[in-house]
1. Quick check on Lys229: is it farther than 19 Å from Phe367 by Cβ and either open to solvent by 50 Å² or more (accessible area, probe 1.4 Å) or not assigned by the TED database to the domain that holds Ile364 (or both)?
2. Could you tell me which residue of region 72-93 is modelled with the lowest pLDDT, considering only residues that are assigned to a loop (DSSP other than H, G, I, E, B) and of a type in the set (Val, Ile, Thr)?
3. Scan region 341-352 for residues that are closer than 26 Å to Phe281 by Cα and either open to solvent by 60 Å² or more (accessible area, probe 1.4 Å) or out of contact with any Asp or Glu (no Cβ under 8 Å at 6 or more places or on another chain) (or both) and jot them down.
4. Write out, first by first residue and then by second, each pair whose Cβ atoms fall under 8 Å of each other, whose residues are 6+ apart or on separate chains, and whose first residue, in region 315-328, is loosely packed, with under 11 Cβ neighbours inside 10 Å while the second is modelled with pLDDT of 75 or more.
5. Considering each residue of region 242-257, count those that are assigned to a helix (DSSP H, G or I) and touching a strand residue (DSSP E or B) at 6+ places or on another chain (Cβ under 8 Å), and give that number.
6. Pull up region 246-276, narrow it to residues that are closer than 12 Å to Ser307 by Cα and in contact (Cβ under 8 Å) with a residue 60 or more places away in the chain, then point me to the one that is least open to solvent (accessible area, probe 1.4 Å).
7. Within region 258-267, take every residue that is closer than 12 Å to Phe348 by Cβ and in a helix (DSSP H, G or I) and give me the one that is nearest to the chain's Cα centre (by Cα).
8. Look through Asn168, Asn140 and report the one residue that is within 40 Å of the chain's Cα centre (by Cα) and at pLDDT below 70.
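The values are calculated or read from the model by the stated rules, or taken from the named source; none is laboratory data. Remember, predicted model here, so these are calculated numbers, not experimental data. Neighbour counts run over all protein chains shown; Cβ positions are idealised from the backbone, glycine included. SASA here: full protein model, heavy atoms, side chains in, ligands and nucleic acids out. Shrake-Rupley method; radii C 1.70, N 1.55, O 1.52, S 1.80 Å.
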Amino acid sequence: MKNRFSILILDDVEENIYSLKLLIEEFDVDIYTALNARDAIGILMNNDIDLILSDIQMPDIDGFQFVEYIKGIDKLKDIPIIFITGIYDKDAYQQKGYDLGVIEYISKPIDVNLLSSKLKVYIDLFHKTKETKESLTEANKLVVHNTKMASIGEMIGVISHQLKQPLNILSLYCDDIKYSFEYGELDKAAIDDFSVNTKLQIHHMRDTIDGFLEFFKPTKEKSSFTIKKTLDGSFDLVDSMIKKNNVELELDLKEDFSLKGVEMELTQVLMNLVTNSIQAFEERGISDRKIKIEVYSKDDKNYLTFSDNAGGINEDDLEKIFDPYYTTKSEGTGIGLYMVKLVVKNSFEGNLTLENSNLGVKFIMEFDKGE
């Protein structure tokens, strides 16, 4: 942002330019001069000019033609122009200039006090505008900083939410090993099972963190994988939680199609949906707990659906259910379903819709068939 006010003097008589320069140099401004309109336009295009003092009677292109020309150029059209003339100061000529966009007329011989007062107005306005722009720049920097901090906070909240699932499962495995010891059932098989399953959860947490670091990168690596492989891996991760909460899980795999993307992200989607259903079962005291996953193809689309019998979602909540931080659960964060929608739409270029009933909710993920 420049610090000094700049003036262009346009006059075809060098003595007039010299006289004007003497009058305005006391204001400590940058002064540019031109003896014709063509040179003036070149100066205007290559420099930031804040005010033009122009003669009217000039050869080739007069002041009126000059003003009409620069008012048609976006970069120049808003520069204020003052005509300084000893001939075209009659009402008819003045109206012509005003109609073109000239803001002032000063007649020759120049009244020094009048010129000084006019210049002072524009110079003061320049400095006030500069201060305003600087304030806005600082304010914008603060907004950008706060936005970045909010984004970081949101990401931390998302990661925290996602890591709670494997941490809860790890807690269950710790309880199991404790009870096995207390009841004398702790043998090598139990230890091996504990080792395998806890390492599986730890690896999943590591992959979750790595996945989030990559999630918003446009250049993240994608690979092809089958739905069956992802489902098997997801069920391994939540198997203990499903059993502990007495959930009957049904898989109806009519077709094993492939997707291209980050497999961990789809695994996270499925784990989120399973966790949401279990929480709904618990909060509503439902004993006959069922989750069904269907995989099929229809027309030119592939589908993955997830449904439960946890009682569905209140109609008033349906439109907001995928909004970030909106939750119907007493201790929810509102992040899980937001991330589910984000992954399906952005990472797999799919579509996610919702069907709701008194029996439960059904999430329908729709994907284009691969070539």
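1. The answer is no for Lys229.
2. Among residues in region 72-93 that are assigned to a loop (DSSP other than H, G, I, E, B) and of a type in the set (Val, Ile, Thr), the one modelled with the lowest pLDDT is Ile87.
3. At the first step, the residues of region 341-352 found to be closer than 26 Å to Phe281 by Cα are 341-344, 352.
Result: Lys341, Leu342, Val344.
4. Glu315/Asn356
5. Keep residues of region 242-257 that are assigned to a helix (DSSP H, G or I), which gives 242-244.
After this cut, where a residue has to be touching a strand residue (DSSP E or B) at 6+ places or on another chain (Cβ under 8 Å) as well, the list is 242.
Total satisfying the criteria: 1.
6. Looking at residues that are closer than 12 Å to Ser307 by Cα and in contact (Cβ under 8 Å) with a residue 60 or more places away in the chain, I get Leu273.
7. The residue in question is Glu265.
8. Matching residue, one of Asn168, Asn140: Asn140.
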